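Here's the structure, in structure tokens; my notes come after.
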């Protein structure tokens, strides 16, 4: 089965944004979130991806808690992702392409790993 790491690396390659977006494969493990998959880095910041959730800043979101995801239109080269959980909406600030890669990754996680659409 394809891993989150495999999907992100393929998405970055297919969208031809290697000069803007990267996936760092060395990082710290947070045991309750499973295997470390990589750190997605872009002009607006970074997000750590794990087998069971993601971390950005001081926020942790488990994939199983996601109910819906949405992405804003591009404004001044930036995007926002709205991650809806039972506790409310978690906002992620992203660059145009970083937001697109993260949004596609979360959609894939919903369909392939959680077996339910998130959008």
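Values quoted throughout were computed directly from the atomic coordinates according to the rules given, and no laboratory measurement underlies them. This is a predicted model, so every value here is computed, not measured. Here the Cβ positions follow ideal geometry from the backbone for every residue, glycine too, while neighbour counts run over all protein chains shown.
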Helix-only CD estimate at 222 nm, as mean residue ellipticity for the chain, using -39500 (n - 2.57) per DSSP H run (n ≥ 4)
-6500 deg cm²/dmol
FRET efficiency, residue 51 to residue 20 (Cβ-Cβ, R0 25 Å, nearest 0.05)
0.45
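Return a whole-number percent for the relative contact order of the range 30-119, with Cα pairs under 8 Å and 6 or more residues apart as the contact set.
On the way: 162 pairs, mean separation 19.9, N = 90.
Value for the range 30-119: 22 percent.
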Ordered by fewest other Cβ atoms within 10 Å, a rough proxy for footprinting exposure, 15, 105 read 15, 105
Plugging the Cβ-Cβ distance of residue 119 and residue 13 into 1/(1 + (r/R0)^6) at R0 = 30 Å yields, to the nearest 0.05, a FRET efficiency of 0.85
Just to be sure I understand: with springs between alpha-carbon atoms less than 10 Å apart, which residue in 53, 45, 27 has the highest mean-square fluctuation in the Gaussian network model of the chain?
27
In nm, give the distance between the simple-model label positions of residue 85 and residue 59, each being 7 Å from the Cα along the Cα-to-Cβ direction.
0.9 nm
So what is the relative contact order of the range 1-63, in percent, for Cα pairs below 8 Å that sit 6 or more residues apart?
23 percent
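Once you compute Rg and the Kirkwood Rh from C-alpha atoms, what is the Rg to Rh ratio for the chain?
On the way: Rg = 13.1 Å, Rh = 14.2 Å.
Computed over Cα atoms, the ratio is 0.92.
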